[in-house]
Amino acid sequence: MPNDPGMHLLFSTMAVAIAFTSAAPVSAVPDIGVPPVSAAAAAAGFIDVRTVVPDAIIDLRYATANNFVGAPLYPLDARCLVHESLGAGLATAADTLRPAGLTLVFWDCYRPHEVQVRLFEAVPDPDWVAEPGDYASGHETGRSVDVTMVSGGVPVDMGTDFDDFSPIANAYATDGLSTRQQANRSVLRNAMAKGWIAPYVGEWWHFDGPGASVDRPILDVPVN
Ligand SMILES: [Zn+2]
């Protein structure tokens, strides 16, 4: 029996299942490769997006200098945290894209309030960056995400880079975009719509989950 690879796999799976049950991570599906989120994140109802989209590519631009501020705003070990209300929808979107060889890339997820303040200081235009106020924005509650796609590991041509603050970044822009770029945006929007995740007309990469626009208190949750 020890030489039976099938049985060995079965026992490994059982051990994993037991370990998962006892660790009781806050996630919708068991994924032993993702460590539990912090106590503060769990208390806020946050999950690591990789527990619902196991093949998600995490490219948090604010954890690098490759963003419009030109400096890292997140710690290097920042995670893509989203509110659990987004979990099923993101899983549906990823499941919709996967048969076409497309994979979701997450540029931003939960965003701490102090980072929202710094972004708005850099671009004080509420059309592009939510103005910090008495209540938390969609990103600040983990209910909005900034995403793009790769096809076979190659970035899909969506017409602009992340945080391109120009009219062709508008989700339904046509001027200056090829039909292919417009179609690629449509593919992303349609997949997210299957998960009841709404596009934002101002930015093709920004999507809002259920209740993202509801006024909620500002959180104090680390992004790592
Ligand atoms: Zn966004």
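The values are calculated or read from the model by the stated rules, or taken from the named source; none is laboratory data. Computed from a prediction, not measured in an experiment: that's the story for all the values here. Cβ atoms come from the backbone with ideal geometry, glycine included; neighbour counts cover every protein chain shown.
Numerical summary
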read-out	value
Whichever residue in region 146-155 is free of Cβ contacts under 8 Å to residues at least 60 places away in the same chain and surrounded by 19 or more Cβ atoms within 10 Å (Cβ to Cβ) and, among such residues, is nearest to the ligand (Cβ to nearest atom)	148
Matching residues in region 131-162 - criterion: being of a type in the set (D, E, K, R) and touching a strand residue (DSSP E or B) at 6+ places or on another chain (Cβ under 8 Å)	143, 146
Residue satisfying condition, being among the hydrophobic types (A, V, I, L, M, F, W, C), closer than 18 Å to residue 212 by Cα and surrounded by 13 or more Cβ atoms within 10 Å (Cβ to Cβ), within set 73, 60, 97, 81	81
Tally, over region 192-219, of residues that are farther than 18 Å from residue 82 by Cα and surrounded by 16 or more Cβ atoms within 10 Å (Cβ to Cβ)	2
Unmet requirement for residue 212, which otherwise passes all of (1) hydrophobic (A, V, I, L, M, F, W, C); (2) without any contact (Cβ under 8 Å) to a residue 60 or more places away in the chain; (3) within 16 Å of the ligand (Cβ to nearest atom)	(2)
Test for residue 91: is it crowded, with 18+ Cβ neighbours inside 10 Å and either more than 15 Å from the ligand (Cβ to nearest atom) or outside any loop (DSSP other than H, G, I, E, B) (or both)	yes
Complete set of residues in region 198-209 that are under 18 Å from residue 45 (Cα atoms) and more than 10 Å from the ligand (Cβ to nearest atom)	209
Residue match in region 34-55 (condition: modelled with pLDDT of 95 or more, among the aromatic types (Phe, Trp, Tyr), crowded, with 21+ Cβ neighbours inside 10 Å and under 30 Å from residue 165 (Cβ atoms))	yes
Qualifying residue in region 128-145 (condition: within 16 Å of the ligand (Cβ to nearest atom), among the basic types (Lys, Arg), closer than 22 Å to residue 38 by Cβ and surrounded by 14 or more Cβ atoms within 10 Å (Cβ to Cβ))	yes
Residue identified as in a loop (DSSP other than H, G, I, E, B), touching a helix residue (DSSP H, G or I) at 6+ places or on another chain (Cβ under 6 Å) and touching a residue at least 12 places away in the same chain (Cβ under 8 Å) among 97, 73	73
Candidates 167, 222 - the one that is surrounded by fewer than 20 Cβ atoms within 10 Å (Cβ to Cβ), away from the ligand (no atom under 16 Å from the Cβ) and within 17 Å of the chain's Cα centre (by Cα)	222
Tally of residues being in contact (Cβ under 8 Å) with a residue 40 or more places away in the chain and either touching a Pro at 6+ places or on another chain (Cβ under 6 Å) or within 16 Å of the ligand (Cβ to nearest atom) (or both) across region 57-70	8
Conditions (1) within 16 Å of the ligand (Cβ to nearest atom); (2) without any contact (Cβ under 8 Å) to a residue 24 or more places away in the chain; (3) outside any helix (DSSP H, G or I): number failed by residue 174	(1)
